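Here the structure comes first, spelled out in structure tokens, and everything after it is commentary.
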Amino acid sequence: MNRDKQELRRFYKQRRAAMSAEEIEGKSLQITDQVISFLKERETLNHFHLFFPISRQREVNTFPLKDFLESRGSVLYTAKVAPDTLILQTLRQEPKTTFLIDQWGIPVPRDFEVVESEAIQVVFIPLLAYDQKGNRIGFGKGYYDVYLSSLSPHVLKIGLSFFEPEAKIPFEKHDIPLDYCVTPENILTF
């Protein structure tokens, strides 16, 4: 069955809404464990861009992953939207920083520096749905497509999802696919 992007967004928002808080936390920890396993074979990766979960959107909780990456001495980055644009600014966050919730419900570090993004080696990407070729659907604003297009093509693009892939989802020429997607049970390569 072919579903358009709006249909897929609705479907995956409903699937997330049906998950309990305990289920979200448990699956988020399983995803963190999968990422840790993935990184054991990639010791040279040390500069990571993380998203932080919008709780009302029931996103993967990346704070346990942040704690693990900090414990191994990694440099962590996140992003915030530059006012009145679709541009995500890269923020290098200070270790052990605390977080504020912005007007969109996004946790933003209190202690950060706006930096260029050339040091980033891995970007963890929030998404609603993805397919077996790594095409992804987010919330439809295009922030991550614009951001990813500004990075080196060598940066690893890793989606984090509670769910397995669709066979195929609609994609457009400007969409940037994933290199990997991590679920509670699998690490998929595209």
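The values are calculated or read from the model by the stated rules, or taken from the named source; none is laboratory data. Bear in mind the structure is a predicted one, so any value in this text is a computation, not a measurement. No Cβ is skipped: glycine too gets one built from the backbone with ideal geometry, and neighbour counts run over all protein chains shown. All accessible areas refer to the heavy atoms of the entire protein, side chains included, with ligands and DNA or RNA removed. Shrake-Rupley method; radii C 1.70, N 1.55, O 1.52, S 1.80 Å.
Before moving on, here are some points about what is shown:
- Of all residues in the range 69-85, those satisfying the criterion of being surrounded by 15 or more Cβ atoms within 10 Å (Cβ to Cβ) and either small (Gly, Ala, Ser) or in contact with a helix residue (DSSP H, G or I) (Cβ under 8 Å, 6 or more places away or on another chain) (or both) are Ser74, Leu76, Ala79, Val81.
- Candidate set from the range 47-56 (those that are surrounded by 15 or more Cβ atoms within 10 Å (Cβ to Cβ) and not hydrophobic (A, V, I, L, M, F, W, C)); member that is farthest from the chain's Cα centre (by Cα): His47
- Cβ separations smaller than 6 Å between residues 6+ apart or across chains give the following pairs from the range 118-146 residues that are on the phi > 0 side of the Ramachandran plot to residues that are assigned to a loop (DSSP other than H, G, I, E, B): Gly134/Pro177; Gly134/Leu178; Gly134/Phe190; Gly142/Leu86.
Residues are listed down the side, and each one gets a yes or a no for (1) open to solvent by 50 Å² or more (accessible area, probe 1.4 Å); (2) at positive phi:
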{"position": "Arg3", "(1), (2)": "no, no"}
{"position": "Gln6", "(1), (2)": "yes, no"}
{"position": "Tyr12", "(1), (2)": "no, no"}
{"position": "Ala17", "(1), (2)": "yes, no"}
{"position": "Ala21", "(1), (2)": "yes, no"}
{"position": "Lys40", "(1), (2)": "yes, no"}
{"position": "Leu45", "(1), (2)": "no, no"}
{"position": "Arg58", "(1), (2)": "yes, yes"}
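- When Gln30 is tested against (1) open to solvent by less than 70 Å² (accessible area, probe 1.4 Å); (2) touching a residue at least 60 places away in the same chain (Cβ under 8 Å), only condition (1) is not met.
- Condition check for Val122: within 19 Å of Pro177 (Cα to Cα) and modelled with pLDDT of 95 or more: yes
- Criterion violated by Asp145 - all others in (1) outside any loop (DSSP other than H, G, I, E, B); (2) of a type in the set (D, E, K, R); (3) over 13 Å from the mean Cα position of the chain (by Cα) satisfied: (3)
- All positions within the range 89-105 that are of a type outside the set (Val, Ile, Thr), open to solvent by less than 70 Å² (accessible area, probe 1.4 Å), in a loop (DSSP other than H, G, I, E, B) and within 18 Å of Phe48 (Cα to Cα): none
- Counting the residues of the range 167-190 that are open to solvent by 20 Å² or more (accessible area, probe 1.4 Å) and closer than 20 Å to Gln6 by Cα gives 10.
- Residues in the range 68-88 that are out of contact with any strand residue (DSSP E or B) (no Cβ under 7 Å at 6 or more places or on another chain) and either in a strand (DSSP E or B) or free of Cβ contacts under 8 Å to residues at least 40 places away in the same chain (or both): Phe68, Ser71, Arg72, Gly73, Pro83, Asp84, Thr85.
- With respect to (1) in a strand (DSSP E or B); (2) open to solvent by 40 Å² or more (accessible area, probe 1.4 Å), the lone exception for Glu164 is condition (1).
- Some residue of the range 37-51 being in a helix (DSSP H, G or I) and of a type in the set (Asp, Glu): no
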